[in-house]
Amino acid sequence: MTKENNPDLMTFGEHLEVLRRMLFRIIAVACILSIIFFCCKDTVWAMLIAPSEYDFTTYQLIEKTVSLLGIDFHFEKFHVDLIATDLSSQFMTHITTSVYLGLLGASPYILYELFRFVSPALYENEKKHSIAIATTIYILFIAGVLMSYFILFPVSFRFLGTYSVSETIRSTITLNSYIGTFTTLTFVMGIVFQLPVIMFVLAKMGFISSHILAKYRKHAIIAIMIVAAIITPPDLMTLILVTIPLYLLYEASIRIVKMVERN
């Protein structure tokens, strides 16, 4: 079918123009949010630095939960100095961090624009599935980000920042190292939490089945622990904190694959 037969059809050049406008809108929204995050320096950096404090929300919640059981428990106080070793490091880190946060804040709008771009080529039932998959991907990504912020990174920082081979050695962490580790763990956890979506796609393509996933459950546990050991600092507590949710995601993947098979 040509454009002469169907005026609604778009030429290749028109598709490129639509794509160009979409990318411009995405960049504009991300830039505006980045500027807002850059200007709200005190609030943003208070949130970014909070996981490095001994009285972080996660620690307070654990202490309150344990106290409800009648146990008087408090985490030991600690302090790790953050330093900047280069003249421009604080300013450049401020800019790059604002860009990262701008992209994260614009992610719902980015998903919306991408869906609006591809939706004309989809059937109605495909649109419904696409919306569900896109929403699930975003929710799982945010869940991974929140887990990294509230659990993985604070515990990792507490262990590595206070670890010492000798009392004469004092730890001082550079700002670049802190933000680099923070963003890496956050991004990795957001990606790792996409396991159910990946299993859903593989099941749709016929590459896996719930029987295979259940049969190799023990092997999966070992593989999950290896992955957790790779993406986390070398301490047992962090390894356990990452392994448990990943295994629960694996079990959820088995249920999802069963649903695909039934349908």
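Quick note: the coordinates plus some simple rules give every number you see, no bench work behind them. The structure presented is a predicted model; accordingly, all values stated were derived computationally and were not measured. Positions of Cβ are generated from backbone atoms using ideal geometry, with glycine treated the same way; all protein chains shown enter the neighbour counts.
Between residue 259 and residue 201, what is the FRET efficiency for a Förster distance of 22 Å, r being their Cβ-Cβ separation, to the nearest 0.05? Kindly include the intermediate steps, with their values, before the conclusion.
Working: r = 14 Å, r/R0 = 0.62.
With R0 = 22 Å, the Cβ-Cβ based efficiency is 0.95.
Quick one: if the Förster radius is 35 Å, what FRET efficiency do residue 119 and residue 184 give, using the C-beta to C-beta distance and rounding to 0.05?
0.55
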- Message: Just to check, using Stokes-Einstein with a Kirkwood Rh over alpha carbon pairs, what's the diffusion coefficient of the chain at 20 °C and 1.002 mPa s in µm²/s?
- Response: 98
- Message: Give me the extension gain from residue 139 to residue 32: residue separation times 0.36 nm, minus the current Cα-Cα distance, reported in nm with one decimal.
- Response: 36.2 nm
- Item | Virtual spin-label span in nm between residue 76 and residue 177, 7 Å along Cα→Cβ | 2.0
- Query: Within the chain, which is the longest segment containing none of the GluC sites (Glu not before Pro) that sit in a DSSP loop and have at most 10 other Cβ atoms within 10 Å?
  - Reply: 168-263
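Extension gain residue 131-residue 163, at 0.36 nm per residue separation less the Cα-Cα distance, in nm?
Extra length available between residue 131 and residue 163 comes to 6.9 nm.
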- Item | the range 77-142: trypsin sites (Lys or Arg not before Pro) falling in loop per DSSP and having at most 14 other Cβ within 10 Å | 77
- Message: Can you compute the charge dipole magnitude of the chain about its Cα centre, using +1 on each Lys and Arg Cβ and -1 on each Asp and Glu Cβ, nothing else charged? Give it in debye, rounded to the nearest 20.
- Response: 820
- Which whole-number value in Å³ per residue fits the convex hull of the alpha carbons of the range 194-263? 75
- Query: Once the piece of chain linking residue 43 and residue 92 is laid out straight, how much longer is it, given 0.36 nm per residue of separation minus the C-alpha distance between them?
  - Reply: 15.8 nm
- Note on the structure: Residues 189, 225 in order from fewest to most other beta-carbon atoms within 10 Å are 225, 189
